1. If B:Val154 satisfies all but one of (1) part of a strand (DSSP E or B); (2) open to solvent by less than 10 Å² (accessible area, probe 1.4 Å); (3) away from chain A (no Cβ under 14 Å), what's the number of the condition it fails?
2. So which residues in segment A:15-28 are within 12 Å of chain B (Cβ to nearest Cβ), crowded, with 17+ Cβ neighbours inside 10 Å and in contact (Cβ under 8 Å) with a residue 12 or more places away in the chain, if there are any at all?
3. What residue, among those in segment A:275-304 that are more than 17 Å from the chain's Cα centre (by Cα) and more than 13 Å from chain B (Cβ to nearest Cβ), is most open to solvent (accessible area, probe 1.4 Å)?
4. Give all pairs with beta carbons closer than 7 Å in which a residue from segment A:190-211 that is part of a strand (DSSP E or B) meets a residue that is open to solvent by 10 Å² or more (accessible area, probe 1.4 Å); count only pairs at least 6 apart in sequence or on separate chains.
5. For B:Pro132, work out the one condition from (1) in a helix (DSSP H, G or I); (2) buried (at least 21 other Cβ atoms within 10 Å of the Cβ); (3) within 11 Å of chain A (Cβ to nearest Cβ) it doesn't fulfil.
6. Name the residues in segment A:174-191 that are farther than 18 Å from B:Ser181 by Cα and open to solvent by 20 Å² or more (accessible area, probe 1.4 Å), would you?
7. Note down all Cβ pairs under 7 Å where the first residue falls in segment B:240-256 and is in a helix (DSSP H, G or I), the second is of a type in the set (Asp, Glu) and open to solvent by less than 90 Å² (accessible area, probe 1.4 Å), and they're at least six residues apart or on different chains.
Amino acid sequence: MTTSLSNVPDSSGRFGEFGRRFVPETLMHALEELTQEYEKAKQDPAFQAELDDLLKHYVGRPNPLYFAERLTEHCGGGKIYFKREDLNHTGAHKINNTMGQALLTMRMGKKRVIAETGAGQHGVASAVACARFGLECIVYMGEEDIRRQKLNVFNMKMMGAEVRGVSSGSKTLRDAVNEAMRDWMSSVETTHYIIGSVIGPHPFPMMVRDFQSVIGKEAREQCLAQTGKLPDHVIACVGGGSNSAGMFYPFIDDEGVKLTGVEAGGRGPEPGEHASTLSYGAKGVLHGSFGYVLQDDDGQTMDVHSISAGLDYPGVGPEHSYWKDSGRVNYTAITDDEALEGFQTMARLEGIIPAIESSHAIAYAVKAARQASPDETIVVCLSGRGDKDVNEVARLLGREI
Amino acid sequence: MTSSISEKFATLKSENRMAFMPFITAGDPDLATTVDVLKELARQGVDLVEVGFPYSDPIADGPVIQESYTRALNNGFHVHDLFEALKALSADESVSLPPLVGMVSYAIIFRYGADRFLQEAADAGFSGLIVPDLPGDEAQEFAEKTRTAQLDLVQLVSPLTPEDRTRRIVQAANGFIYCISVAGTTGVRDELPPELTAHLESLRSLTDLPLAVGFGISKPSHVDTLRGKADGFIIGSAIVKQFAAFSDPDKTRDEVISSIGKYAGEMAAATKG
Ligand SMILES: Cc1ncc(COP(=O)(O)O)c(C=O)c1O
């Protein structure tokens, strides 16, 4: 049965009351052009074929759906499966989106790309796509994230991208988005902004969700093939919300499948100590769209905190805001300490070093599996691998590398 | 309804003058200073004042205005306090304030509550609002409310706005049209782009509303370029950058205010040609 929940956004970019375009007039025309170009590309079999080919031969898709036997045994309940986005080229889901948007950039005849990055994964995925197609690439990254994610900064530079440090505000992802938007304001005629999550003005939330939906589509088919039924529960971490949107979207109309988004609970529920936008935020405008935002009573965006640079964001995609209000997806938070614990458990029991972002989903899956019966299957999006995080984890655990 | 903004432009037109509209950030470094700067600008004969509401995540602003917003927010700027301070200033009969136009992100308006915001803005003496992140397409409902509150909702047109969009935008606008001189963010530029003249001419053929040019303007020679083509101009960063001097230990508050006033006075004089 098809519900209207999967049939969004409308032509003005509305997911119910969420989404839309709250941007300066200077960007409006480019957004309209991008929307048209994307609609055309979507209908164009050659575009789809080229993207599929890249995903298969360059990115390494389909990646496996892996039954985590030892972790399952450890929890003593539901069966845990991982959708292995960590096995993609560059080690995270972000590349699904940058491949799609790089192809669009070329369709639009643009030669320059800008991107923002928090954990650096989207920056790396953008640098990779640009290197692959010979596009100029500039990545905005907060100074605090540059400190936390040195490895990714080095990798981006190796691939020819220019990394521009952002020293305003909290020096994290949100400031990097501001700076990229500013660049775009004065370069929009020659430059495409590859937004790294399901955020920003229409058509970005829709387009990024579509490009990331390959995760959920594959997981759905693989789960049916491997277990003979749909999963009972699907879990993914939520920063801006792209790996989770890509994971959830193909299951939205499967009413029996429970969906849980896991946000960064940081050090606790007090303002400024976490990045759990859907758990604690209010409706508002940030970075060009309307959705839940962590903000004060005057509409000023609040400072956020997370152990993971990729979840350290005070907003969230409009479609998640829509899913939250419709009750279709349940959103919850996992603290820094719980995520660190999840990271270590996964490493010890499964021999997989997960991204600290994904570790939030893992920590929640462990809790959920304990409550579940052995005939229930839980599919977790393992959004990325943790190489980029080992220095930071070692520092937090007080160990030397 | 003729607003005080329309009246001001009409008077200036009959005097064959352009309107000079300085932009200041409310609350940088504090609201008492904002009030004193406004009094000084009024004394210097500026025609309107654009009052910027500090916002944590501005995307249309360059570094000068962003830093100014940050200073104000770090000093505890609150929207309601600004409204209270301006209400008291408007009630002060010894000052004759030019029309005030608020420049405010929709993020603030929405969170504050549009009805409450408009009511308090009108009570505080604002004549109009510019909401830079609320493009025409999203503005219908809010434009309705603004009209009810008897405020002008000024619309922006960028050099990248195609003609069919421009037609729709100017139809929905009132007060004046804010013509962005360049595709980019706010900030001082040496030269105004040569295409600006043609852009203003084409806008002129589409609307009778006054055209005010903003972004990048800083000196009398820029004003000369605009004469006969625009009805007014807005100066932001060139003024706001002077606010940084309030934290300079070698300067007194009065010295900074009078140097802002001196610059404003020179630009006001430039409108007379
Ligand atoms: C590995 C990984 N997972 C998750 C995220 C969170 O982003 P999103 O919620 O958009 O998937 C990031 C962002 O950088 C990431 O690098």
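1. Of the numbered conditions (1) part of a strand (DSSP E or B); (2) open to solvent by less than 10 Å² (accessible area, probe 1.4 Å); (3) away from chain A (no Cβ under 14 Å), the odd one out for B:Val154 is (3).
2. If the condition is that a residue be within 12 Å of chain B (Cβ to nearest Cβ), crowded, with 17+ Cβ neighbours inside 10 Å and in contact (Cβ under 8 Å) with a residue 12 or more places away in the chain, then A:Gly19, A:Arg20, A:Arg21, A:Phe22, A:Val23, A:Pro24, A:Thr26, A:Leu27 are the ones that fit.
3. A:Tyr280
4. Short answer, once both residue conditions are applied: A:Thr191/A:Lys110; A:Thr191/A:Arg112; A:His192/A:Met108; A:His192/A:Lys110.
5. (1)
6. A:Glu179, A:Thr190
7. Within 7 Å, the pairs are B:Phe243/B:Asp28.
So that you can scan it fast, the table gives a plain yes or no per residue for (1) aliphatic (A, V, I, L, M); (2) open to solvent by 70 Å² or more (accessible area, probe 1.4 Å):
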position: B:Gly175; (1), (2): no, no
position: B:Glu201; (1), (2): no, yes
position: B:Pro220; (1), (2): no, no
position: B:Gly228; (1), (2): no, yes
position: B:Ala238; (1), (2): yes, no
position: B:Lys241; (1), (2): no, yes
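The values are calculated or read from the model by the stated rules, or taken from the named source; none is laboratory data. Here the structure is a predicted model, which means the values were calculated and not measured. FYI the Cβ positions are ideal-geometry reconstructions off the backbone, even for glycines, and counts take in every protein chain you see. For the accessible areas, the whole protein counts, side chains as well, though only heavy atoms, and no ligand, DNA or RNA atoms are used. Shrake-Rupley method; radii C 1.70, N 1.55, O 1.52, S 1.80 Å.
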